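The values are calculated or read from the model by the stated rules, or taken from the named source; none is laboratory data. Keep in mind that this is a model prediction, so the values were computed, not measured. When we count neighbours, we look across all protein chains shown, and the Cβ atoms used for this are built from the backbone with ideal geometry, even at glycine. Protein only, heavy atoms only, side chains kept; ligands, DNA and RNA dropped before computing areas. Shrake-Rupley method; radii C 1.70, N 1.55, O 1.52, S 1.80 Å.
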Amino acid sequence: MDYRLAREKMVKNQLITRGIKDPRVLQAIGKIPRDRFVQEALVGEAYNDYPLPIGHGQTISQPYIVALMTEALELKGDENVLEIGTGSGYQTAILAELSRWVYTIERIRPLMENAKRILTELGYRNVFFKAFDGTLGWKEYEPYDAIIVAAGAPKMPQPLLDQLADGGRLVIPIGNRYSQELVRITRKNGQFVEKGLGGCRFVDLIGIHGWQDSVKES
């Protein structure tokens, strides 16, 4: 099926009306087939404004949250971006549209392999994948102009701050396991400036600098 009209409606009704303004972000989200990144049984719900399960206790975030986090990165097109939590690969595709290189880490290998397959089928060639503890970042390609974390952390993982370039932006949910504050950290001359972007709820960020184990959701 052709979901172009569904994407147009999603961008207009869920994003623009709620304050998303960056034309590049809106264009990317309007282009990418979100239906390709959800389970087959849920394809009909792909463009609704809520998260959906993707297996292994993980979710694909609601379109508005994806747009909000992406806009906060202020991507211009020439950045190296680190993504923590590949998940379905949907956010990865948006980052690939908006930046030069995307380095994405996923601790659950089957999710990473599925996302890699879909992104390859869609023609993305500027994405590098790694199955690893995302709280440690990916030192080999640091520093990063932008870092996005698609899981809730109890505190800021120090390795991610260390790998952020001067002038770079890091967007991450911080809080307890049931609610978080979406935060943008900007590095300026070695200092970190924080801005709150609103409340949210994400799955746990598991790792050495995150939660040590995952709570099974009921």
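For the residues S88, S61, S99, a GNM of the chain with alpha-carbon springs under 10 Å puts the largest fluctuation on S99. In straight-distance terms, cross-link reach from K155 covers every one of the aspartates and glutamates whose alpha-carbon lies under 14 Å from its own, apart from those fewer than eight places away in the same chain; here that gives E181, E194, D204.
Here the 3J(HN,Hα) profile of region 80-90, calculated from phi with Karplus coefficients 6.51, -1.76 and 1.60 at θ = phi - 60°, is 9, 10, 9, 10, 9, x, 4, x, 6, x, 5 Hz, Gly and Pro shown as x. Provide the gained length on full extension for the span K139 to D166, in nm with one decimal, where the gain is 0.36 nm per separating residue minus the Cα-Cα distance. Extra length available between K139 and D166 comes to 8.2 nm. Each of R18 and K31 was given a label point 7 Å from its Cα along the Cα-to-Cβ line. The distance between the two points is 2.3 nm.
Comparing S99, L68, I16 along the charge dipole axis of the chain, the residue lying farthest to the positive side is I16, per the Cβ-charge model. Phi-derived couplings, Karplus 6.51 cos²θ - 1.76 cosθ + 1.60 at θ = phi - 60°, listed residue by residue for region 176-192: 8, 6, 10, 7, 9, 9, 6, 10, 10, 10, 10, 8, 10, 6, x, 9, 10 Hz, with x used for Gly and Pro. Extension gain, F192 to R177: 0.36 nm times the residue separation minus the Cα-Cα distance gives 3.0 nm. So the label point goes 7 Å from the Cα of D78 along Cα→C-beta, right? Which residues of region 96-111 then have their backbone N under 15 Å from it? Hits in region 96-111 for D78 at 15 Å: 99-101.
Working ranking of peptides 175-185, 126-136 by packing, defined as the average number of other Cβ atoms within 10 Å per residue, highest first, is 126-136, 175-185.
If you take the square roots of the eigenvalues of the alpha-carbon gyration tensor of region 3-116 and sort them as a ≥ b ≥ c, do you get rounded (a/c under 1.5), prolate (a/b over b/c) or oblate? Here region 3-116 falls in the oblate category. Amide H contacts for A146 (H built 1.01 Å from N in the peptide plane; partners 5 or more residues away or on another chain; cut-off under 5 Å): N80, L82, R169. The lysines within cross-link reach of K130, meaning a Cα-to-Cα straight distance under 20 Å and a gap of 8 or more places when in the same chain, are K116, K139.
Put a plus charge on the Cβ of each Lys and Arg, a minus charge on the Cβ of each Asp and Glu, and nothing anywhere else: the dipole of the chain about its Cα centre is then about 300 debye.
In this structure, the amide hydrogen of T59, modeled 1.01 Å from its nitrogen in the peptide plane, lies closer than 5 angstrom to those of I54, counting only residues at least 5 positions away or on a different chain.
Residue-wise HN-Hα couplings along region 200-207, as the Karplus relation 6.51 cos²θ - 1.76 cosθ + 1.60 with θ = phi - 60° gives them from phi, are 6, 9, 10, 5, 5, 8, 8, x Hz; Gly and Pro carry x. In straight-distance terms, cross-link reach from K21 covers every one of the lysines whose alpha-carbon lies under 27 Å from its own, apart from those fewer than eight places away in the same chain; here that gives K9, K12, K31, K76, K188, K195. With the whole protein complex present, M156 retains an accessible surface near 50 Å², based on a 1.4 Å probe.
Could you check which residue among L73, L42, L95 shows the biggest mean-square fluctuation in a GNM of the chain with a 10 Å Cα cutoff? In this elastic network of the chain, the residue with the biggest mean-square fluctuation among L73, L42, L95 is L42.
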